[in-house]
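Below you'll find the structure, written out as structure tokens, and then a few comments.
No value in this document is a laboratory result; all are computed from the given coordinates. In this text the structure is predicted, and so the values were computed from the model without any measurement. Note: ideal-geometry Cβ built from the backbone for every residue, glycine included; neighbour counts use all protein chains shown.
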Amino acid sequence: MKLVTAVIKPHQLDAVKEALQAMGVSGMTVSEVQGYGRQKGHTEVYRGAEYTVEFLPKIRVDVLIDEVDVEKVADAIVAAARTGKIGDGKVWVTPVEEVIRVRTGERGLDAI
Amino acid sequence: MPAEVVLSPGDTAWLLVSSALVLLMTPGLAFFYGGLNRSKSVLNMMMMSFASIGLISILWLFYGFTVAFGTDQPIGDTPGFWGDLGQYLGTKVLADEMAFPPFPATPIPTYVIMAFQMMFAIITVALISGAVSDRTKFAGWLVFAAGWFTLAYLPIAHMVWGGGFIGGKIGALDFAGGSAVHINAGAAALALAIILGRRVGWPRENFKPHNVPLVALGAGLLWFGWFGFNAGSELTADAITAVAFINTQVATAAALLGWIFVEWIKNRKPTMVGASSGAVAGLVAITPACAYIAPYAAVLLGLVAGSVCALAVSVKYRLGFDDSLDVVGIHFVGGWIGCLWIGFFATVQADGGAYVKNEGLVYGGGVDQLWAQFQGAGIVSIWSFVIALVVGYLVKVTIGFRVKREAELEGIDIAEHAESGYDFVPSGGSSSNGGSAFALAGIGGGTTPQAAPEPAPEAKPSQPANV
């Protein structure tokens, strides 16, 4: 089992969600996050004083999947999230030792 | 008292409406300042304006009006510094004296004049608070407000408008308060910024405005109310009122443009905060001059005031005083520009010679009026600054003028008022510390709900929970 985590532009969430649904991914968790990568932030000016806004709003998507689907899912997220402009975000994959469905107690792939 | 003065219902109605318009400026100012402030201290900022309405209204009734607008008490032959202290003392039963006959030289009941001038005193005190946001003890603010109002605002209003030294002897003109309100408040603001010192982290940390739409709302209300402030200052409704009204509009419009053009060139983008600030700078600058100059001169004044103030607000970073919301850069600087403008552009063509005795430099009147304007503005600047410095220092060494460092960092709204401006938690009920660490770090987030007080035992169980 793998956890695929994507940090994406907020506007791309719908596209990513639809791409994942289309390939049968059964659930996901999204959270509002803030951060920056090579893009850095932007500058705002109020009454002549410059303020650097470093942490930009992003959406984090976490998806638990069967590891055989990793390439497919990661590629789908990348394709859906890409605008080609700086700040499109990142996708990474981490191994997962165990997954348990709270309601039934099912474990492993059955719980995904 | 002139026996045969007839009350004018039209003039009286106009001044009643103007009084209400000028009152509205102070809540407008609260929005303007509140939006420019950070979210954790928005309520304290607004409270300083609202408290001014509460405090100054009462003081004005009891002794403010008679000190400022009682018959001048000359020193020898020279017009003096305050009015007849017993004339309109608010402890009197005033029905006959105050309601009619009217205020000297007007067809308007004295009560209406008193109400109109009350609103000016309120907003002048409230204006100062913009210099001391995020860090001022509320009790200290109230004591300062009462002291500065008594020792600076009242004598200055008397000297400028009540037949005292500046208007009566020097001959400086100030139609609606460029010196008595704006230079006055701006000089006091500079003194308080020095007394209170910089906010923790200023200017290194992020002090950007937390709610720009609130700033725009406040600027709009100020603009609206300012017609009462400027055109209302004619007291009656006549041709000069019309001049003041149109000049107020076009100077403000030009200043808005002037400010955003400067931003466009200097910072590459015109901003909403800039448009709002430019409008306020224009309103300030046209205030003293609105009845004395032609509309084209008002447009020029607006352009100059808007662009100069747009640059003046950056001076505090170079000089190192934390005038948080630029009371000095806008009100002090704008007030000076407007007062001096009279010395250049005053003309009898504007007011038919009702007030303008020496025409300005541009109209061949020489430098006499300009010199008078300079002296008038200079006296107000020094008087107000010194009184604010002394009263502010006394507050500082007695009851204290600044909150503790922890209170400042965690938010003065909680420390001084035990409430928070915003609560976006869906379940409602902010926590006792008023906001999460996320919110304080500028990262949106929820709060931990606390147990609500127990409902009254007789509450019906069928009632929906009170959220």
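Show the residues, 5+ positions off or on another chain, whose built amide H is closer than 5 Å to the amide H of A:Gly35.
A:Leu56, A:Lys58
Report the normalised scattering of the protein assembly as shown as log10 I(q)/I(0) at q = 0.06, 0.13 Å⁻¹, calculated by the Debye formula with identical scatterers on the alpha carbons.
Each listed q corresponds, in turn, to -0.41, -1.27.
Cα atoms only, chain A: Rg and Dmax in Å?
Over chain A's Cα set, Rg and Dmax evaluate to 16.9, 60 Å.
As a test of the formula, what do you get for the protein assembly as shown when each DSSP H run with n ≥ 4 contributes -39,500 (n - 2.57) and the sum is divided by the residue count, at 222 nm and rounded to the nearest 500 deg cm²/dmol? Don't jump to the answer; show the numbers that get you there.
Details: 19 runs with 270 residues, N = 579.
Calculated at 222 nm, the ellipticity per residue is -15000 deg cm²/dmol.
Order these by the 10 Å Cβ neighbour count, fewest first: B:Phe261, B:Phe385, B:Phe32, B:Phe69. Intermediate results must be reported in sequence, preceding the final value.
Numbers: B:Phe261 17, B:Phe385 22, B:Phe32 28, B:Phe69 25.
Fewest to most other Cβ atoms nearby, the residues stand as B:Phe261, B:Phe385, B:Phe69, B:Phe32.
Figure the gain on full extension for A:Thr52 and A:Glu98 (residue separation times 0.36 nm, minus the Cα-Cα span) and round it to one decimal in nm. Working shown, then result.
Details: separation 46, 0.36 × 46 = 16.56 nm, distance 4.17 nm.
Gain on extension, A:Thr52 to A:Glu98, equals 12.4 nm.
Would you list, by chain and number, the aspartates and glutamates whose Cα falls below 16 Å from the Cα of B:Lys40, excluding same-chain residues fewer than 8 positions away?
B:Asp134, B:Glu205, B:Glu406, B:Glu408, B:Glu410, B:Asp413, B:Glu416, B:Glu419, B:Asp423
Given R₀ = 60 Å, FRET efficiency for B:Val17-B:Thr398 by Cβ-Cβ distance, to 0.05? Present the calculation step by step, with values, prior to reporting the outcome.
Details: r = 42 Å, r/R0 = 0.70.
E(calc), rounded to 0.05, equals 0.90.
May I ask you to sort B:Tyr63, B:Tyr296, A:Tyr36 by Cβ crowding, counting other Cβ atoms within 10 Å and putting the fewest first?
Values: B:Tyr63 18, B:Tyr296 11, A:Tyr36 14.
Sorted ascending by nearby Cβ count, the order is B:Tyr296, A:Tyr36, B:Tyr63.
Among the helices of chain B (complete DSSP H runs), which have Cα atoms covering no less than 30 Å along the helix axis and a Kyte-Doolittle mean of at least 0.0?
B:9-36, B:239-267, B:368-397
Just tell me which aspartates and glutamates come within less than 17 Å, Cα to Cα, of B:Lys266; anything on the same chain fewer than 8 places away is out.
Partners within reach: A:Glu44, A:Glu50.
Short version: what are the Cα gyration tensor semi-axes of chain B, square root of 5 times each eigenvalue, largest first, in whole Å? Display every interim value, and only then the final one.
Details: eigenvalues 303, 143, 90 Å².
Taking √(5λ) for each Cα gyration eigenvalue gives 39, 27, 21 Å.
Calculate log10 I(q)/I(0) of region B:88-214 for q = 0.18, 0.19 Å⁻¹, where I(q) comes from the Debye formula with a single equal point scatterer on each Cα and nothing for solvent.
-1.07, -1.14
Please list, or write none, the lysines whose alpha carbon is within less than 26 Å of the alpha carbon of B:Lys269, excluding same-chain residues fewer than 8 places away.
Counting by Cα, and skipping residues close in sequence, B:Lys269 has these lysines nearby: A:Lys9, A:Lys40, A:Lys58, A:Lys85, B:Lys208, B:Lys316.
What residues qualify as long-range amide H neighbours of B:Gly365, i.e. H under 5 Å apart, gap of 5 or more or another chain, H built at 1.01 Å from N?
So B:Gly365 has HN proximity to B:Gly360.
Of A:Ile86, B:Ile123, B:Gly178, which is farthest towards the positive pole of the protein assembly as shown's charge dipole, taken about the Cα centre with +1 and -1 on the beta-carbons of Lys, Arg and Asp, Glu respectively?
Final value for the positive-end residue is A:Ile86.
Using θ = phi - 60° and the Karplus relation 6.51 cos²θ - 1.76 cosθ + 1.60, list the HN-Hα couplings for region B:353-359 in order, rounded to whole Hz, with x at every Gly or Pro.
Per-residue couplings from phi come out as x, 5, 10, 6, 9, 10, 6 Hz.
Label 7 Å along Cα→Cβ of A:Val70; region A:1-36 residues with amide nitrogen under 11 Å?
A:1-4
Based on the Cβ-Cβ distance from B:Asp77 to B:Lys266, what FRET efficiency comes out when R0 is 45 Å, to the nearest 0.05?
Numbers: r = 52 Å, r/R0 = 1.15.
The calculated FRET efficiency here is 0.30.
What is the set of long-range amide H partners of B:Gly80 at a cut-off below 5 Å, with H atoms built 1.01 Å from backbone N?
Residues meeting the amide H criterion: B:Gln73, B:Ile75, B:Phe165.
Could you list B:Thr150, B:Thr287, B:Thr136 in order of exposure, starting from the residue whose Cβ has the fewest other Cβ atoms within 10 Å?
Details: B:Thr150 16, B:Thr287 30, B:Thr136 26.
Taking fewest neighbouring Cβ atoms as first place, the list is B:Thr150, B:Thr136, B:Thr287.
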